[in-house]
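Remarks on the structure that follows.
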Amino acid sequence: MAHRKLRMGMIGGGKDAFIGAIHRIAANMDGQIELVCGALSINKEIAIDSGHMLFLPEDRIYTNFEEMIAAESKQPADKRMDFVTIVTPNFAHFAPAMLALDNGFNVVIEKPITFTLDEAKQLKKKLADTGLMLLLTHTYSGYPMVKEAKQMVKNGALGKVRKIYVEYLQGWLSKLSEREGNAQAAWRTDPSKSGKSGCMGDIGTHAAHLAEYISGLKITQLNCSLNTVVDGRMLDDDGAILLRFEDKATGVLMASQVAVGEENALKIRVYGENGSLEWAQQEPNTLTVKWSDKPAQTFRAGSNYGDRESTFATHNCRTPGGHPEGYLEAFGNLYRNFALTLSAKINNEEPKPEWLDFPGIEDGIRGMAFIENLVNSNKSNEKWTDYVI
């Protein structure tokens, strides 16, 4: 267990942002972490106001990340931040992450990890050189029933995996919202801020990560078709991909942000030789498992199911079954596991396997490779595009 609270700094995530508040709630959930400083906006006034709203000390409210990292480096060891959380748009991930690592700070970062695959590879090298830690917040891998699904597949309950269907459907970009004052839509549909892909880069990466995480299989080839449905949009807002995985498994991935009426409808089905499983983010505490030779089973998240479910599932449950835990708790699980592992490292202790179960640099590289490869596939006349990293 932690000998003290870990000290967190934040870059981005001011009062005008959505995801920053989510990160702060998640980090605070288990009492392992405290926010001690922040450069919360590129807008100086918003940065300062946001720092005051969060009751940060006046001398630890910064107006840019360079200033923050330089100043925190000079703080005494018992005061300076232990890690920094980066919650800026995609194009502004790499520079602060590299500077933080150069100055000895561990990093938590929003996905996709960087703007390009090459930047992700540079981060991997820097992590190896420094020996520091990185958490990539692929939120959906934090759900207890996702972890239970992963363990079931890993332990061979379904037999060899044959087929994976995964989809992530939203409807919030069904209109040209980026031209109507929607700040979240504006940067996500701008290639100079978001990157090569819109919908697939934003939510398709979550679906791909979930498929690889649960199945334990890596994507080896893909055949992608991207669509830009809304006239005037600069990036894809819809698409579908045929997938080939290791060990001869195949799959289909669909992602759309123009599926009118859908909210955050992430869903996965994995079919093996002996059984299958199904999980949906909008009913996250339920895992349905179907068998070839017996009735279907329903698994439920809850800390009282320790005799029936894996420690990887129950470790990430906070309440007895029937008390809903959702998106915020899944986010909190990532932060808790990262914090427990970092605290163990600081105290020269051995982290438990359950603590080490959080996404990191390899997931980040695979996410960037996914974007590069799907864009190349969409441009190509070849049916299959080799998955290059």
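The values are calculated or read from the model by the stated rules, or taken from the named source; none is laboratory data. Note that the coordinates shown come from a computational prediction; the quantities given were computed from them, not determined experimentally. Positions of Cβ are backbone-derived with ideal geometry, glycine not excepted, and every protein chain shown enters the neighbour counts.
Below, the figures for the structure above:
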quantity: Top-ranked residue of region 334-357 - restricted to ones that are surrounded by 14 or more Cβ atoms within 10 Å (Cβ to Cβ) and among the aliphatic types (A, V, I, L, M), ranked as nearest to HIS23 (Cα to Cα); calculated: LEU334
quantity: Any hit, region 357-378, residues being farther than 30 Å from ASP118 by Cβ, part of a helix (DSSP H, G or I), touching a residue at least 40 places away in the same chain (Cβ under 8 Å) and not assigned by TED's automatic domain parsing to the domain that holds LEU117; calculated: no
quantity: Pairs with Cβ under 7 Å, 6+ apart, first in region 297-323 and outside any helix (DSSP H, G or I), second among the charged types (D, E, K, R) and surrounded by fewer than 20 Cβ atoms within 10 Å (Cβ to Cβ); calculated: SER303/ARG318; HIS315/GLU354; GLY321/ARG300
quantity: Qualifying position, being surrounded by fewer than 24 Cβ atoms within 10 Å (Cβ to Cβ), outside any helix (DSSP H, G or I) and either modelled with pLDDT of 95 or more or touching a strand residue (DSSP E or B) at 6+ places or on another chain (Cβ under 6 Å) (or both), among GLU45, GLU119, GLU34; calculated: GLU34
quantity: Qualifying residue in region 130-151 (condition: part of a strand (DSSP E or B), free of Cβ contacts under 8 Å to residues at least 40 places away in the same chain and farther than 19 Å from VAL289 by Cα); calculated: no
quantity: Any hit, region 57-79, residues being assigned to a loop (DSSP other than H, G, I, E, B), surrounded by 14 or more Cβ atoms within 10 Å (Cβ to Cβ), of a type in the set (A, V, I, L, M, F, W, C) and assigned by TED's automatic domain parsing to the domain that holds GLU354; calculated: no
quantity: Yes/no for ALA17 being at pLDDT 95 or above and either more than 21 Å from the chain's Cα centre (by Cα) or aliphatic (A, V, I, L, M) (or both); calculated: no
quantity: Test for ILE268: is it hydrophobic (A, V, I, L, M, F, W, C), within 29 Å of LYS121 (Cα to Cα), in the same structural domain as ILE164 (by TED's automatic domain parsing) and under 23 Å from the mean Cα position of the chain (by Cα); calculated: yes
quantity: Criterion: touching a helix residue (DSSP H, G or I) at 6+ places or on another chain (Cβ under 8 Å) and not aliphatic (A, V, I, L, M) - qualifying residue of LYS218, LYS267; calculated: LYS218
quantity: Long-range neighbours under 6 Å by Cβ, at least six apart or interchain, first residue closer than 30 Å to TYR271 by Cα and in the same structural domain as ALA240 (by TED's automatic domain parsing) within region 160-180, second among the charged types (D, E, K, R) and at pLDDT 95 or above; calculated: LYS160/GLU273; TYR165/ARG269; GLU167/LYS267; LEU169/GLU262; GLN170/GLU262; GLY171/GLU262
quantity: Residue count, region 202-217 (criterion: in a helix (DSSP H, G or I) and either over 11 Å from ILE164 (Cβ atoms) or not small (Gly, Ala, Ser) (or both)); calculated: 10
quantity: Enumeration of residues in region 237-265 that are more than 26 Å from ASP386 (Cβ to Cβ) and of a type in the set (Asp, Glu); calculated: ASP237, GLU262, GLU263
